[in-house]
Amino acid sequence: MRADSFEYGLKNMPMFKLNTGGSIPAIGLGTWQSEPGLVGQAVKEAIKVGYRHIDCAKAYNNEKEVSLQLAMPYKEGILKREDLFITSKLWCSDHNPTDVIKALDRSIERLQCDYIDLYLIHWLVAFKKDALGFAPENFAPLDIKATWAAMEQCYESGKARAIGISNFSVEKTKDLLSHCKVRPAVNQVECHPHWQQKKLVPYLTSEDIHFSAYSPIGSSNSSFAKINVLQLPIITTLAEKYQKTPSRIALRWNVQQGHSVLPKSTHADRLATNIELFDFEISKEDLHEFDNIEQHRLLSGEGTFVNDTTSPHKTVEQLWDGDL
Ligand SMILES: NC(=O)c1ccc[n+]([C@@H]2O[C@H](COP(=O)([O-])OP(=O)(O)OC[C@H]3O[C@@H](n4cnc5c(N)ncnc54)[C@H](OP(=O)(O)O)[C@@H]3O)[C@@H](O)[C@H]2O)c1
């Protein structure tokens, strides 16, 4: 979907259509690695400057603090629940079907929000119940059919207005589509100019699954981000040409492909800058320049979801089905 086919909703926030009939804001606030004591303030500032989508997860360990600020605008009558779009994610230790709906209930309780707009399987990796970290003994066998059937119950219960996936390759998505009753509305994956997901994007488009871009400005806070996306020559050149910050160029590139973006910041000035995406357009010729950028996945799963003895994914190639 191109920028000119945005739908406007949620107080003039551009939206992309989902296959549920609902829609998702073009930009949301990321909350991974937003520290305790800072994340609440970031959510408050974000809502003030126009963000309506907050991307959360059990694994981020900050849903409670996020909720205190989410609740404020409803309590003060500034916004209604339906003015906000809240995503949360099923963690790897809750894949057992009986745990899926309980995990959703707990996120709803922590976020104090009655329902979740979008509930995603965070990673297609299962851990033993209550396992905390990435230790070799924590991995458990995967049963995606059973986990997805429980996700479908979450959707049918109305507690999750849409369900989807995250970190699913083309192969993993195809497999899910071969047995699902309710199709995933969204696949949330890494995407920025340095990892453009050239295989996954056309596939998801052909299946009418919305593409949501995480780490859209290159996750500079992460130890595994070896390259600074905002310093790519094409980004700095276009920043100069369009007189916009490098972050806005990187985000606008994604949005012009029809992808929602989820930049994280806990700084008020950056939150305000990052959302200023809808008053300019990168020209077709300049968009072509992005085709020549060397491609590298930043969040490969190495050292976490990949383990050559106990994980179902013995290698990074297996985790991503060779799409590296
Ligand atoms: N589904 C998944 O598995 C998954 C995985 C990764 C991420 N995500 C989601 O996607 C969100 C975003 O991804 P991310 O946190 O990896 O990375 P990101 O949003 O690409 O980058 C965040 C980093 O950029 C900095 N930053 C923000 N705005 C900036 C600006 N205008 N100029 C320069 N630096 C700026 C932030 O610092 P400050 O905070 O100090 O401003 C932070 O260090 C996450 O928070 C999470 O919600 C999901």
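Throughout, read-outs are computed from the coordinates displayed, never taken from laboratory work. Everything numeric in this text was worked out from a predicted model, so none of it was measured. Please note: Cβ atoms are built from the backbone with ideal geometry, for glycine as well, and neighbour counts cover all protein chains shown.
My understanding is that a pair violates if its Cα-Cα distance is over 27 Å; which of K58/K172; K17/K198; K80/K174; K75/K159; K129/K314; K58/K159 do that in this structure? Show your work: numbers first, answer last.
Working: K58/K172 23 Å; K17/K198 21 Å; K80/K174 37 Å; K75/K159 21 Å; K129/K314 21 Å; K58/K159 16 Å.
Pairs exceeding the cut-off: K80/K174.
Work out, step by step, the length gained on full extension between D323 and L287: first 0.36 nm times the residue separation, then minus their alpha carbon distance; give nm to one decimal.
Details: separation 36, 0.36 × 36 = 12.96 nm, distance 2.28 nm.
Length gained between D323 and L287: 10.7 nm.
Excluding A126 itself, what net charge comes from residues whose Cβ is under 11 Å from its Cβ, given Lys and Arg +1 and Asp and Glu -1? Please list the in-between numbers first.
Numbers: positive: K128, K129; negative: D94, D99, D143.
Its environment carries a net charge of -1.
Cα gyration tensor of the range 120-216, axes a ≥ b ≥ c as square roots of the eigenvalues: rounded (a/c below 1.5), prolate (a/b > b/c) or oblate? Intermediate results must be reported in sequence, preceding the final value.
Numbers: a/c = 1.78, a/b = 1.18, b/c = 1.52.
Here the range 120-216 falls in the oblate category.
Could you tally the net charge around P233, taking each other residue with its Cβ under 15 Å from the Cβ of P233, Lys/Arg +1 and Asp/Glu -1? If you can, show how the numbers build up before the last one.
On the way: positive: K241; negative: E240, D286, E289, D291, E294.
Every neighbour counted, the sum reads -4.
Under a crude label model (7 Å from the Cα following the beta-carbon direction), how far is D130 from D83 in nanometres?
Calculated label separation equals 4.2 nm.
Would you mind getting me the FRET efficiency between L38 and A71? Use the beta-carbon distance for r and R0 = 22 Å, nearest 0.05. Present the calculation step by step, with values, prior to reporting the outcome.
Working: r = 18 Å, r/R0 = 0.82.
Calculated transfer efficiency: 0.75.
Normalised by the residues of the chain, what does the relative contact order come to in percent, with Cα pairs under 8 Å and at least six apart? Write down the numbers at each step before the final one.
Working: 585 pairs, mean separation 61.1, N = 324.
Computed over the chain, the figure is 19 percent.
Counting only residues 5 or more places away or on other chains, whose amide H sits under 5 Å from the amide H of S166 once H atoms are built in the peptide plane?
I121, Q188
What net charge is computed for the residues neighbouring A140, neighbours being all others with C-beta under 12 Å from the C-beta of A140, Lys and Arg scored +1, Asp and Glu -1? List each step's numbers first, then the result.
Working: positive: K128, K129; negative: D94, D99, D130, E137, D143.
Net charge around A140: -3.
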